[in-house]
Amino acid sequence: MLVRLARLPLLVMPLGLFSMLLGVDSPKPIRPSGLATAPLQANWQSPWMAGLANDPAIEAVLAQYLAGLQRQGWSIPDQGVWIQVGNSAIAQHQGNVPMSAASLTKLATTLAALHTWPMDHRFDTLVGIDGTLENGVLDGDLVVQGSGDPLFVWEEGIVLANRLQSLGIQRVTGDLRVTGPFTMNFQADPNDSVTALKQAMSTATWPTSARQAHGNLPPGTPQPTIQIDGTVRRVPVGATPDPEWVVRHQSLPLVGILKAMNIYSNNVMSDMVADLVGGPRVVIDTAATAADLPPGEINVINGSGLGTANQMSARVAVALTVALQQTLAPHGFSVADVLPVAGEDVGTLIDRRIPPTAAVKTGTLAEVSALSGMVPTAEKGPVWFAIINRGWDLSGLRVQQDHLLQAIQAHWGVADAPPEMRTKVRMQQGDFRYGDPDRNIVLAPDLEQGG
């Protein structure tokens, strides 16, 4: 059943502008359930929630937004919104009600990762030889030991193979033996990952996707031609003696991995990160402590958000985003360095009309569309928000979300994010470039140097 809507007091800003931004016909002053005439009240008090300050104009914007959803036939109690400036909640609707949040779950996974490892943490992939190397032929096995790098892609495998070939490894008479957690190209099937690793070793076995990835590398990057005679197989850690380790491949820094994960809302990556942290229970506990979350308003069953059982309230989504900023800021980073940024990153923001330089996280399931993050304004600076919608018209819900953010920015003034909250982590640039040969460190420099 849809809730009853009551009248709002006189607005600070003409509703004509709001209706233009929100796509609303014949604007009428309304107040939906959850925006009572009494001041906002919170039973839970957290250090980041120090004040409560209504803004009638923003309440009117939110009211018009909800009224538009109601006219489209969506259940108003199934929509959650939280809008916050600094430590103050400005407006909300069902803000403390847990709802299926889809990939907003990745906010918790990201925060847990940042409280588990340092910003510059790198996941090592060791490569060793188990046998004798003579005249370019390894008479034995090539061994790879992973540690869970979530962003090991074609470019990484190709450049790693080039490094091995430069050390004189031209042919392997035995097998490619893989041990430890290893995933390549976001493959859900572990066997597909190790098969791709063997393919990366020689251009003769490259699929089209590998050739395309090579085209993303700097001009002149060699194409490896390591021949592996045997098969590729996985073995348990410790099942065989350690080989002679010859190369340590380092992943991108953690902050870059998280940025890539969130730009594309990559479910395999986020589930890998959650597992490496310790699993969903650890993600909840770590994020709840870091963001001082209210009890009972978040549930995580995996790191990605796949499944309606992953739930959080809108104010928890805001709390997680604020906590990300507080965690990153002392290290010279911001939410813009782990979340996609409107006007800069494509990924899940393709075709969106979110205000430029806003840092946001999207979430989508069959009947869920969610958005949370920061939108910059001239008067109030960063405005923190979360919108969780339930409905089938996902494209329509996204348009309305974008209009709501535009209206918020119109009220407080159009602005770019402050310098300290502009993107510093730019994928495929500098330290965040896929296939950087400098991340392959030789551990056995006495090996014969090939061509």
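General observations
- GluC sites (Glu not before Pro) restricted to segment 331-429 and DSSP loop, no more than 11 other C-beta within 10 Å: GLU379
- Segment 124-211: relative contact order as a whole-number percent, Cα under 8 Å and 6+ apart: 30
- Taking amide H as placed 1.01 Å from N in the peptide plane, the amide H of LEU138 sits under 5 Å from that of GLN170, ARG171, VAL172, THR173, each at least 5 places away or on another chain.
- Here, P(r) means the percent of Cα pairs in each 10 Å bin from 0 to the largest distance; for segment 302-402 it is 15, 47, 33, 5, 0.
- Cα-Cα over 20 Å, subset of LYS259/LYS361; LYS259/LYS424; LYS106/LYS361; LYS198/LYS259: LYS198/LYS259
- Relative contact order for the chain: 21 percent, from Cα pairs under 8 Å spaced at least 6 residues apart, divided by residue count.
- The alpha-carbon positions of the chain define a convex hull whose volume is 141 Å³ per residue.
- Across segment 417-425, coupling constants 3J(HN,Hα) worked out from phi with the 6.51/-1.76/1.60 Karplus curve, θ = phi - 60°, read 4, x, x, 5, 10, 8, 4, 10, 8 Hz, and Gly and Pro carry x.
- Global geometry of segment 360-451, whether rounded, prolate or oblate, following the gyration tensor of its Cα atoms and the 1.5 cut on a/c: oblate
- Mean Cα-pair separation over length for segment 195-282, i.e. relative contact order, pairs under 8 Å, 6 or more apart, %: 21
- Dimensions of segment 181-340 along the principal axes, based on C-alpha atoms and rounded to the nearest Å, stand at 57, 40, 31, largest first.
- Building the convex hull from the alpha-carbon atoms of segment 103-149 and averaging its projection over directions returns 5.2 nm².
- Based on protein heavy atoms only, the chain ends up with 39 Å² per residue of surface accessible to a 1.4 Å probe.
- Estimated Rh, segment 182-241: Kirkwood, alpha-carbon pairs, angstrom: 13.1
- Gyration tensor (alpha-carbon) shape descriptor, segment 54-164, a/c threshold 1.5: prolate
- For the chain, the carbon plus sulfur part of the accessible surface works out to 52%, probe radius 1.4 Å.
- From phi via Karplus (6.51, -1.76, 1.60), per-residue ³J(HN,Hα) for segment 325-334 in Hz, x at Gly/Pro: 4, 5, 6, 7, 4, x, 9, x, 10, 8
- With helices as the sole contributors, the chain gives -9000 deg cm²/dmol at 222 nm; each DSSP H run of n ≥ 4 counts as -39500 (n - 2.57), and the sum is divided by every residue.
- Rounded to whole Hz, the Karplus (6.51, -1.76, 1.60) HN-Hα couplings of segment 236-248, x for glycine and proline: x, 4, x, 6, 10, x, 5, x, 7, 6, 10, 9, 10
The values are calculated or read from the model by the stated rules, or taken from the named source; none is laboratory data. Predicted model, so just to flag it, every value in this text is computed and none were measured. With ideal geometry, Cβ positions are generated from the backbone for all residues, glycine too; neighbour counts draw on all protein chains shown. Surface areas here come from the heavy atoms of the whole protein model, side chains and all, with no ligands, DNA or RNA. Shrake-Rupley method; radii C 1.70, N 1.55, O 1.52, S 1.80 Å.
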